[in-house]
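**Student:** One structure is given below, represented as C-alpha cells, and several questions about it will come after.
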Number of protein chains: 2
Amino acid sequence: MSHDKPSIAAVDWGTTRMRVWLLDTAGRVLDERRSDDGLLTARSRGFSVVLEQHLAALRAPVTLPVIICGMAGSRQGWLEVPYVDVPAPIGGILKSATAVKGERSDIRIIPGLAQRLQSEPEVLRGEETQLAGADLPEKGRHIVCMPGTHSKWIVVEEGVVSRFGTWMTGELFSLLASHSILRHSLGEKPSTVAADNATFRHWCETALASGGDIASRLFSIRAAGLLHGLSPDEAAAALSGLLIGGEIASARRVYEPGRQEIVLISSGALGALYGTALEIAGMAFRPVDADEAVRAGLFAAARRNGMIGNGVAA
Amino acid sequence: MSHDKPSIAAVDWGTTRMRVWLLDTAGRVLDERRSDDGLLTARSRGFSVVLEQHLAALRAPVTLPVIICGMAGSRQGWLEVPYVDVPAPIGGILKSATAVKGERSDIRIIPGLAQRLQSEPEVLRGEETQLAGADLPEKGRHIVCMPGTHSKWIVVEEGVVSRFGTWMTGELFSLLASHSILRHSLGEKPSTVAADNATFRHWCETALASGGDIASRLFSIRAAGLLHGLSPDEAAAALSGLLIGGEIASARRVYEPGRQEIVLISSGALGALYGTALEIAGMAFRPVDADEAVRAGLFAAARRNGMIGNGVAA
C-alpha cells in the first residue's frame, strides 16, 4: 500500500462484482480491492455496510468522498439514479451524479443511460463511465465495443452519445454452457478459451459468414460432439467463437462502421478473443484497457462534481 | 376404450414426454396414454418397467408388439440404435428398426438420422417418423418445418431426406424466460401466447426484417419493460415472436424456399404461432397434424418391419 493520501474512493459496483480503488489527487491508484460483493450480495447485507467494510480494509479515512458507477444506481440498487437520455454529451452524464443522503462522507452515484426509442429501447449503467474515461477524440464519429455479460456497442458523435445497443453474449454463453443441451458437450467446467484457438477461429468465421445468424448453428456444436468427437474444450471454444462472431456480425449490420476503427474497451482474455474476432472480421480496432478507463471516468466524475478537495474541480 | 383388438402399440418416446397409442390393423387409434415418463424418468425407473406399466394401464396383451421412435433409441436411451446417414430414402429409415432383445414381446426402435457433413453436423430422433407419416408426395422437393424444443427443418427430394437443420427455439425460450435477465421482465409463469397477439406479431416482424438477427434485440425486451412499461405477458409474446421470427428468417436464408410451400408439421398453440409467423414472412404453408403424422409413421414402420400379423406387412 502506498503512503500517499487518497483523495477519492472510486467504486465500480456491478451486478455480481465490486471494485474499489483509492486514487490520489492525480488519479493514480494507491490501493484497490476486488470482490464478489456486487448488487446481489449488497442488497442483502446493505450497501452502506459493504462499502464501509471495504474502505476499512483499505484503511481509508471515514470521511473520504466516494464516487460510484454501475448497478448500485439501479432500481434494485442503493439509490435509484434516473437515467440520462441519449443523445447525451459525455461530460454532462458525469456531472449528473446523485448524492446518497445520510452517510458520513460525500457519496455520489453516476447515472446510467437510456435510449427511449420505441423501436430500440436500451439501458446501461457503468459503461457510460468507462466511455468517459476512454479518452475519445472530441471530434468525429466513434464506435465503441465493450465486451461482457451484456456487451454494449456505443456510437459517439462529436462528443455526444447518440445511440447504443446490447448483445447478451456473455450471459448466453453461461446459460447455454450450464443449462442447455450443449452442457453435455461442454462438460462441467468449460476451460478458458485462448484467442489463437483454431476451433474458436473456425466457428467465429462461420458466424461472420452467415451475417450473425447463430440460431442455425448452435445445435451443430452438440451434433459435432456426437458425430465428430468434438471435445469439451473444443465445444467451449466453438460456442465462444459462434457467439462472439455473431455479436460482431450483428453489430456491424446495425452500426455499419465500414472501414472505421472500432474502440475496443476490454481487458484480459475476453479482450483478446474480441480482438481476434474483429481481426477475422477484417475490422480495424484500437484497444483501451477497461480497468483504466473506468478509473479515469470515475476520477473525472469526482472532479466534475467538485468532490476532490482544494479547488481542483474542473 | 374401444373393444377392438389392438394390432400394435405405437410409442413416441422423447426426452421429457412419452406417448403410447394402441392402434388397430388399419392404424386407427383405439386408446392412448400421455405422460411425463420421458427419457429422463425412464433412465432411473427402467425403460421396460415404464413401458409395461403404461401398456398394463391400457389393458394391452403382454405379447402385443411395440414400435418406438424418439430418444429411447439414443445413447442415453433404452438401446442405442445407430443413426441412418443422410441422404436417406424415407422408406429405408423405417425398415431399419432395431429389436430390443429379451423382452416378452416384439419391441423395435426406429433409428434417427445423422448428417455427417463436417461443416454442418446434425442429428435427429423421432422427427424421421413424423416425416414418414406426413404423406409427402413422392416427387419433387419439399421443405418441412417441425417446431418444438429443438425445431427441425428437413429437405426431402424425390422421397429422399437430403438435408436438415436444428433451431433450439423452444429451449432458448425456456432458458431465457427462466434463467436470464429477461426473467425479470417475463415474470414467474409466462402465459401462453396467442397467435393473434399484436406484440408477438410486432417482434416477429422485427426479427424477420433483420434477417433473423435476434442477438441484437433480446435485451430490448428487458429495456422495454424498464422504459415503456412492457407487461410480463407482452414480454413473453415479444420473446416468442423474436425467436420464432428469427428461426423462420434463418431457415429461409439456409434453405431458400422461394415461393415454395412449407410443410408445417405441428399441433396446438405452437403450430398456430408458426403459422402466423410464416404468414408474416409471406411464406405459403400446408399444415399437417404432428400427432397424426407420428402415429401414421409408427404404423407404417410396424408394417414395413412385418410386426403386424396376418401378412399385412408391406
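**Student:** Taking amide H positions as placed 1.01 Å from N in the peptide plane, with prolines and chain starts having none, which residues 5 or more places from B:Ala60, or on another chain, fall under 5 Å of its amide H?
**Tutor:** Under 5 Å from the amide H of B:Ala60 lies no amide H from a residue far enough along the sequence or on another chain.
**Student:** Calculate the dipole size of the protein assembly as shown relative to its Cα centre from +1 charges on Lys and Arg beta carbons and -1 charges on Asp and Glu beta carbons; express the result in debye to the nearest 20.
**Tutor:** Dipole magnitude for the protein assembly as shown comes out near 660 debye.
**Student:** Here's something else I'd like to know. So if I place +1 on the C-beta of Lys and Arg and -1 on the C-beta of Asp and Glu, and nothing else carries charge, what would the dipole magnitude of chain B be about its Cα centre? I want it in debye, nearest 20. Please report the intermediate quantities before stating the final value.
**Tutor:** Details: 32 positive and 34 negative charges, 115 e Å.
Roughly 560 debye, rounded to the nearest 20.
**Student:** Roughly how compact is the protein assembly as shown, stated as its Cα Rg over 2.2 N^0.38 Å to two decimals? Each step should come with its number before you reach the end.
**Tutor:** On the way: Rg = 28.5 Å, N = 628, 2.2 N^0.38 = 25.4 Å.
Against the compact-globule rule of thumb, the ratio is 1.12.
**Student:** How big is chain A by the Kirkwood estimate over distinct Cα pairs, in Å?
**Tutor:** 20.5 Å
**Student:** Okay, moving on. Take A:Glu157 and A:Val62, extend 7 Å from each Cα along the Cα→Cβ direction, and tell me the distance between the two endpoints in nm.
**Tutor:** Rounded to a tenth, the inter-label distance reads 5.1 nm.
**Student:** At a Förster radius of 60 Å, what calculated FRET efficiency corresponds to the Cβ-Cβ distance of B:Asp85 and A:Thr16, to the nearest 0.05?
**Tutor:** 0.85
**Student:** Based only on Cα atoms, what Rg/Rh ratio does the range A:1-112 have, Rh being taken as Kirkwood's radius? Write out the running numbers ahead of the final one.
**Tutor:** On the way: Rg = 13.7 Å, Rh = 14.3 Å.
Ratio value, two decimals: 0.96.
**Student:** Now a separate question. If you build a Gaussian network model of chain A, linking Cα atoms that sit under 10 Å apart, which residue out of A:Glu256, A:Glu157, A:Glu128 swings the most?
**Tutor:** Most flexible of the set in this elastic network: A:Glu256.
**Student:** Then there is this: Under a point-charge model restricted to the Cβ atoms of Lys and Arg (+1) and Asp and Glu (-1), what is the dipole moment magnitude of the range A:168-283 relative to its Cα centre, in debye to the nearest 20? Spell out each step's value before the answer.
**Tutor:** On the way: 8 positive and 11 negative charges, 41 e Å.
Magnitude of the dipole: close to 200 debye.
**Student:** Moving to a separate point now. Specify the angular offset, from 0 to 90 degrees and rounded to the nearest 10, of the alpha carbon long axis of helix B:198-209 from the longest principal axis of the alpha carbons in chain B.
**Tutor:** Around 90 degrees separate the two axes.
**Student:** If you line up the long axis of helix B:218-228 against the longest principal axis of chain B, both from Cα atoms, how many degrees apart are they, to the nearest 10?
**Tutor:** 50 degrees
**Student:** Counting Lys and Arg as +1 and Asp and Glu as -1, what is the net charge of the other residues whose Cβ lies under 13 Å from the Cβ of A:Ala26?
**Tutor:** Computed value for this residue: +2.
**Student:** Give the calculated FRET efficiency between A:Glu52 and A:Ser174 to the nearest 0.05, with a Förster radius of 45 Å applied to their Cβ-Cβ distance.
**Tutor:** Between A:Glu52 and A:Ser174 the formula returns 0.90.
**Student:** As I understand it, the dipole of chain B uses +1 on the Cβ of Lys and Arg and -1 on the Cβ of Asp and Glu, about the Cα centre. Which of B:Leu23, B:Ser151, B:Ala238 lies farthest toward its positive end?
**Tutor:** Of the candidates, B:Leu23 comes out farthest on the positive side.
**Student:** Give me the Kirkwood hydrodynamic radius of the range A:108-262 in Å, from all C-alpha pairs, to one decimal place?
**Tutor:** 16.9 Å
**Student:** Convert each backbone phi in the range B:54-59 into a coupling constant with the Karplus relation 6.51 cos²θ - 1.76 cosθ + 1.60 (shift: θ = phi - 60°), then list the ³J(HN,Hα) values in order as whole Hz, x for Gly and Pro.
**Tutor:** Karplus-based 3J(HN,Hα) across the range B:54-59 equals 5, 5, 5, 4, 8, 6 Hz.
**Student:** Considering amide H positions built from the backbone, and no H for Pro or chain starts, which residues 5 or more places from B:Ser7, or on another chain, come under 5 Å of its amide H?
**Tutor:** Amide H neighbours of B:Ser7: B:Leu23, B:Asp24, B:Thr25.
**Student:** How long are the three semi-axes of the equivalent ellipsoid of the range B:233-314, in whole Å, if each is the root of 5 times an eigenvalue of the C-alpha gyration tensor, listed from largest down?
**Tutor:** Semi-axes, largest first: 34, 16, 10 Å.
**Student:** Determine the gain in length on full extension of the stretch B:Lys189-B:Ser119; use 0.36 nm per residue of separation and subtract their C-alpha separation, reporting nm with one decimal.
**Tutor:** Extra length available between B:Lys189 and B:Ser119 comes to 21.4 nm.
**Student:** Counting helices only, and only those DSSP H runs with n ≥ 4, report the 222 nm mean residue ellipticity of chain A as the sum of -39,500 (n - 2.57) divided by its residues, in deg cm²/dmol to the nearest 500. Walk me through the numbers on the way to the answer.
**Tutor:** Working: 11 runs with 120 residues, N = 314.
Using -39500 (n - 2.57) per qualifying helix, the result is -11500 deg cm²/dmol.
**Student:** Residue by residue, what Karplus-based ³J(HN,Hα) values in Hz, rounded to whole numbers, does the range A:70-86 have, using 6.51, -1.76 and 1.60 with θ = phi - 60° and x for Gly and Pro?
**Tutor:** In residue order, the calculated couplings are x, 5, 4, x, 8, 4, 8, x, 6, 8, 6, 9, x, 4, 8, 7, 8 Hz.
**Student:** At B:Arg253, with labels set 7 Å past Cα in the Cβ direction, how many nm apart are the copies from this one, shortest first?
**Tutor:** Ordered by distance, the counterparts are at 0.4 nm.
**Student:** Which lysines have a Cα lying under 27 Å from the Cα of B:Lys101, excluding residues fewer than 8 positions away in the same chain?
**Tutor:** Within reach: B:Lys5.
No value in this document is a laboratory result; all are computed from the given coordinates. On a predicted model such as this, the values are computed, not experimentally measured, just so you know. All Cβ positions, glycine included, derive from the backbone under ideal geometry; neighbour counts span all protein chains shown.
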